[in-house]
Amino acid sequence: MKNSNSSLESLPTTFILVGIPGLEAEHIWISIPFCLMYIIIFLGNGTILHVIRTDPALHQPMYLFLAMLALAEVGVSATTLPTVLGIFLFGTTEINFDACLFQMFFIHSFSIMESAVLLAMSVDRFVAIHNPLRYTAILTLPRIFGTGMIMGLKSIILMAPLPMLLRHLPFCGHNVLAHSYCLHPNLIHLPCGDVSINNIYGLFIVTSTFGLDSLLIVISYGLILHTVLSITTGKGRRKALNTCGSHICAVLTYYVPMIGLSMVHRLGFHVSPLVHAMMANAYLFFPPVVNPIVYSIKTKEIHCGIVRMLSQKKARI
């Protein structure tokens, strides 16, 4: 009981967040690209959500999964916005301990959901190419919404123990974080006690979500490629592969920065703090900025839906 009380007493009241190391004097200028990114994220993903919601022709599995992806990306960005803009615009570097755990929980929960949606989208593309005649019969609306609920619950259940595990560790005055937001790989380096359980559980989450999802995505695309190669006409092959182009871009923009950040956290002990900050920002900001642009340009139905929406607004004016 004594050890429990002493660990609670050693919890920091606040954490100190860091913007871009070495560029503190330029934070007000750095805030401009961050503000632009947030505008693109909320406007771009919000537009996709609105078009899919209002256009009955887009109430199909592919576009409903895209709506889930946009929702997860908006969730991640909305969670980071208060601390990121607080640092760059107002110089607010402190965050309450519980607020930091709250932010960490939602950043990682939405990230887990985003990875799961990318896997669901790859399965959707496989079913559409391998068995197009039974596509809507297999991916019915109840199954799609049920899948969305399972993905959301899975991310919440997996992440729930992490804040509680962190609360039972002694921090011994260590409270300076390496980013503008709270991430578990960064938080886990601060305690002065035994973090083996936290590391094991964190590794379990990574392997059972991102690791398993990425493996199944690769398998899905292997099956897609096998199916495409069995199509006799070159035109048919190109048409089938074109339906996967936007999703492949989304997978790469999500997993490449995430793998880079993971390697920097685990292997880059002598890497500049600036590299840590840039990799973390790329991991969180690159996918939600790029994906709505890619889907708006490369997906004909989304592009036409946006054009129709803008045309209707002009007509009303």
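Could you list, in sequence order, all residues of the stretch 141-168 that are farther than 20 Å from Ile200 by Cβ and in contact with a Pro (Cβ under 8 Å, 6 or more places away or on another chain)?
Ile144
What's the number of the condition Phe171 fails, among (1) at pLDDT below 90; (2) surrounded by 13 or more Cβ atoms within 10 Å (Cβ to Cβ); (3) of a type outside the set (S, T, N, Q); (4) out of contact with any Ser or Thr (no Cβ under 6 Å at 6 or more places or on another chain)?
(4)
Please state which of the following conditions Leu177 fails to meet, knowing it meets all the rest: (1) open to solvent by 20 Å² or more (accessible area, probe 1.4 Å); (2) touching a residue at least 60 places away in the same chain (Cβ under 8 Å).
Just one mismatch for Leu177, condition (1).
If the Cβ limit is 8 Å and pairs must be 6+ apart or interchain, which residue in the stretch 193-207 that is within 16 Å of Ser262 (Cα to Cα) and among the aromatic types (Phe, Trp, Tyr) pairs with which residue that is surrounded by 11 or more Cβ atoms within 10 Å (Cβ to Cβ) and modelled with pLDDT of 90 or more?
What qualifies is Tyr201/Pro161; Tyr201/Leu162; Tyr201/Leu165.
I'd like to verify a number: residues in the stretch 57-85 that are of a type outside the set (A, V, I, L, M, F, W, C), open to solvent by less than 40 Å² (accessible area, probe 1.4 Å) and free of Cβ contacts under 8 Å to residues at least 40 places away in the same chain, how many?
Total satisfying the criteria: 1.
Which residues, counting only those in the stretch 220-240, are open to solvent by 80 Å² or more (accessible area, probe 1.4 Å) and part of a helix (DSSP H, G or I)?
Residues satisfying the conditions are Leu223, Leu225, His226, Leu229, Lys235, Arg237, Arg238, Lys239.
Looking at the structure I just gave you, is Gly202 assigned to a helix (DSSP H, G or I) and surrounded by fewer than 16 Cβ atoms within 10 Å (Cβ to Cβ)?
no
Of everything in the stretch 112-140, what is in contact with a Leu (Cβ under 8 Å, 6 or more places away or on another chain) and of a type in the set (Gly, Ala, Ser)? Give them in sequence order.
If the condition is that a residue be in contact with a Leu (Cβ under 8 Å, 6 or more places away or on another chain) and of a type in the set (Gly, Ala, Ser), then Ser122 is the only one that fits.
Go through the stretch 265-296 and count every residue that is open to solvent by 20 Å² or more (accessible area, probe 1.4 Å), assigned to a helix (DSSP H, G or I) and modelled with pLDDT under 85.
8
Is it true that Val84 is among the β-branched types (Val, Ile, Thr), farther than 20 Å from Ser208 by Cβ and assigned to a helix (DSSP H, G or I)?
yes
Do we have Met37 as within 27 Å of Ile302 (Cβ to Cβ), within 18 Å of the chain's Cα centre (by Cα), surrounded by 15 or more Cβ atoms within 10 Å (Cβ to Cβ) and among the hydrophobic types (A, V, I, L, M, F, W, C) here?
Criteria met by Met37.
Please identify the pairs in which a residue from the stretch 33-46 that is among the small types (Gly, Ala, Ser) has its Cβ atom under 7 Å from the Cβ atom of a residue that is loosely packed, with under 15 Cβ neighbours inside 10 Å, counting only partners at least 6 apart or on another chain.
Partner pairs satisfying both residue conditions: Gly44/Ile293.
Helices (runs of 4 or more DSSP H) wholly in the stretch 88-193 with at least 1 residues that are closer than 23 Å to Ile248 by Cα and touching a Gly at 6+ places or on another chain (Cβ under 9 Å) - which ones? I'd like the intermediate steps shown before the answer.
Details: elements: 97-130, 135-138, 141-159, 161-167, 184-187.
Correct list: 97-130.
Determine if the stretch 176-185 includes at least one residue that is under 30 Å from Ala240 (Cα atoms) and over 22 Å from the mean Cα position of the chain (by Cα).
No; the residues of the stretch 176-185 include none that is under 30 Å from Ala240 (Cα atoms) and over 22 Å from the mean Cα position of the chain (by Cα).
The values are calculated or read from the model by the stated rules, or taken from the named source; none is laboratory data. Since we're looking at a predicted model, the values are computed, not measured. Cβ: placed from backbone, ideal geometry, glycine included. Neighbour counts: every protein chain shown. These area figures cover heavy atoms from the full protein model, side chains too; ligands, DNA and RNA do not enter into them. Shrake-Rupley method; radii C 1.70, N 1.55, O 1.52, S 1.80 Å.
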